Amino acid sequence: MAARIVETEAYTGSRDPGSHAYSNRTPRNEVMFEAPGRAYVYFCYGNHFLLNIVTEKEGTAGAVLIRAAEPVSGIKTMMKLRRTGEIKKLTNGPGKLTAALAVDKKFNRADMVGGMELYVASSGEKKFRVTKGPRIGIKKGLDLYRRFCVKGSGFLSAK
DNA sequence: TCGAAGATTCTA
DNA sequence: AGAATCTTCGAA
């Protein structure tokens with residue numbers, strides 16, 4: 001299965017109050033300080049996994065949260081995993097996205113560049129507009145406009 | 001060791 | 001609008 005990422009949010013380390021890596025380096029956010037291109041998967045609210053991609057060089061905390069995507073292939077499988085028949089609800093939220101792609105804790109720290117099971121690749125597309133705005137679902141760092149989405153996509157997160 | 005908070009989602 | 005649900009972190 002594959003999906004086209006349409007919405008992301010950036011989280012940096014020490015300067016970003018909304019980031020997990022803001023205060024201290026802990027076992028959980030450890031991955032954010034490691035080599036770029038890794039996956040940072042984190043379990044939240046007792047029910048949901050959230051998928052991030054580490055972006056900054058080793059030693060500097062930074063990651064990009066994948067908030068929403070547009071299903072491209074393997075849609076049947078995703079519907080099974082998500083238990084819904086509506087394509088638009090398959091991956092239009094960070095927790096839903098991980099459920100649809102079967103991403104869980106075992107992918108934490110996984111290589112997303114050269115990885116086999118989970119990886120990111122360029123679609124080659126260059127004709128789309130990106131809009132930015134305040135991030136969603138957090139209470140700190142709202143003054144930082146680090147949410148980026150593909151303008152006009154019908155697969156953006158619900159909130 | 002305990003309590004509180006959290007980058008969410010679904011249901012009533 | 002509110003609950004479900006559980007891991008993680010920081011304080012005691």
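The values are calculated or read from the model by the stated rules, or taken from the named source; none is laboratory data. These figures come from a predicted structure and were not determined experimentally. Using ideal geometry, Cβ is built from the backbone for each residue, glycine included, and neighbour counts are taken over all protein chains shown.
Summary table below
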| read-out | value |
| --- | --- |
| Residues within segment A:8-53 that are crowded, with 19+ Cβ neighbours inside 10 Å, among the aliphatic types (A, V, I, L, M) and farther than 23 Å from A:F155 by Cα, tallied | 3 |
| Some residue of segment A:65-73 being more than 13 Å from DNA strand B (Cβ to nearest atom), among the hydroxyl-bearing types (S, T, Y) and in contact (Cβ under 8 Å) with a residue 60 or more places away in the chain | yes |
| Elements of type strands (runs of 3 or more DSSP E) contained in segment A:62-159, each with 3 or more residues being surrounded by fewer than 14 Cβ atoms within 10 Å (Cβ to Cβ) and of a type outside the set (S, T, N, Q) | A:130-133 |
| Number of positions in segment A:91-133 that are closer than 19 Å to A:C149 by Cα, free of Cβ contacts under 8 Å to residues at least 60 places away in the same chain and aliphatic (A, V, I, L, M) | 2 |
| Among the candidates A:A68, A:A35, A:A61, residue that is in contact with a Gly (Cβ under 7 Å, 6 or more places away or on another chain), more than 16 Å from DNA strand C (Cβ to nearest atom) and modelled with pLDDT of 95 or more | A:A68 |
| Members of segment A:25-46 found to be part of a loop (DSSP other than H, G, I, E, B) and more than 7 Å from DNA strand B (Cβ to nearest atom), listed by number | A:R25, A:T26, A:P27, A:R28, A:E34, A:A35, A:P36, A:G37 |
| Pairs where the first residue, in segment A:40-58, is at positive phi and more than 10 Å from DNA strand C (Cβ to nearest atom) and the second is at pLDDT below 95 and assigned to a strand (DSSP E or B), C-beta under 6 Å, 6+ apart | none |
